[in-house]
Amino acid sequence: MIHEILPVGPLQCNCSVIGDDASREAIVIDPGDDVADVLAIVQKHSLKVQQIIITHAHIDHVGGAKKLQAATGAAILLNQNVEIDQSVGQADKIRVGSLSADVLHTPGHTEGSVCLYFPLEKKLIAGDTLFAGSIGRTDLPGGSFEKIIQSLHEKVLALPDDTIVIPGHGELTTIGEERESNPFLTKR
Ligand SMILES: [Zn+2]
């Protein structure tokens, strides 16, 4: 698996470029901005972007999607009824070459927030649902503290402790680390 993470835009959203070594097919998750930098990574690895996946429709995550689509022809996938090619939700699978990710619908930060879990690689692209030592804010329109806590306990903490978490912003972490020490998860 090719996986490069680059923080994009003024809010430094973690954009992931994930490619299949054999087929060179790729997905880009949360291309919020800096599309030229994203395309440079795509070209460096000779990848073909098949899908652009948005964890949730906030501008710092979705801002560069149309531009990236224009450059690559990839489909845009998102859990919401905006101008996209395909809606994704709980139990959907994202496939790119031999790679496969499960879509986890994790409402709370927004109603349509999703995480992507790659079971073979034990990697979670968490969007703004989970951060190292924190969780997504729920004070924006459509946010719900009760729902994000429920999503985290029922779906995210159901994953193995050694799962690597790539949050929407900031440092990487693991499920075990957050289960152990994240103040929003240790007390119910
Ligand atoms: Zn957000």
Original post:
Using a 1.4 Å probe on the protein chains only, how many percent of the accessible area of the stretch 2-181 belongs to carbon and sulfur?
Top reply: 51 percent
Subject >> List Leu130, Leu140, ordered by accessible area with a 1.4 Å probe, largest first >> reply: Leu140, Leu130
**OP:** Convert each backbone phi in the stretch 14-24 into a coupling constant with the Karplus relation 6.51 cos²θ - 1.76 cosθ + 1.60 (shift: θ = phi - 60°), then list the ³J(HN,Hα) values in order as whole Hz, x for Gly and Pro.
**Re:** 6, 8, 10, 10, 10, x, 8, 4, 6, 7, 6
Subject >> Other-chain or far-sequence residues with amide H under 5 Å of Cys15's (modelled H) >> reply: Leu6, Val8
Original post:
Helix 35-44 versus the longest principal axis of the chain: what is the Cα-based angle in degrees, 0 to 90, to the nearest 10?
Top reply: 70 degrees
Original post:
Relative to the present Cα-Cα distance, how much length would full extension add between Gln43 and His153 at 0.36 nm per residue of separation?
Top reply: 35.8 nm
Original post:
How high is the FRET efficiency from Leu6 to Ser134, r the C-beta distance, R0 35 Å, rounded to 0.05?
Top reply: 0.95
Original post:
Sorted by accessible area with a 1.4 angstrom probe, largest first, how do Lys147, Lys67, Lys48 fall?
Top reply: Lys67, Lys48, Lys147
Original post:
Given labels modelled 7 Å from the Cα in the Cβ direction, how far is it in nm from Ala36 to Leu120?
Top reply: 3.6 nm
**OP:** Report, for the chain, the % of DSSP beta bridges that are antiparallel, rounded to 5.
**Re:** 65 percent
Original post:
What does the helix-only formula give at 222 nm for the chain: each DSSP H stretch with n ≥ 4 adding -39500 (n - 2.57), the total divided by the residues, and the result rounded to the nearest 500 deg cm²/dmol?
Top reply: -5000 deg cm²/dmol
**OP:** Heavy atoms only, probe 1.4 angstrom, no DNA, RNA or ligands counted: give me Ser144, Ser98, Ser113 ranked by accessible area, highest first.
**Re:** Ser98, Ser144, Ser113
Original post:
For the chain, with every protein chain kept in place, what is the accessible area per residue (1.4 Å probe, Å²)?
Top reply: 44 Å²
Original post:
Rounded to two decimals, what is Rg over Rh for the chain when you use alpha-carbon atoms and the Kirkwood radius?
Top reply: 0.94
Original post:
Rounded to the nearest 10 Å², what accessible area does Ile135 show when all protein chains are kept and the probe is 1.4 Å?
Top reply: 10 Å²
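The values are calculated or read from the model by the stated rules, or taken from the named source; none is laboratory data. This one's a predicted model, so the numbers in the text were calculated from it and none came from an experiment. No Cβ is skipped: glycine too gets one built from the backbone with ideal geometry, and neighbour counts run over all protein chains shown. Calculation scope for accessible area: heavy atoms of the full protein, side chains included, ligands and nucleic acids excluded. Shrake-Rupley method; radii C 1.70, N 1.55, O 1.52, S 1.80 Å.
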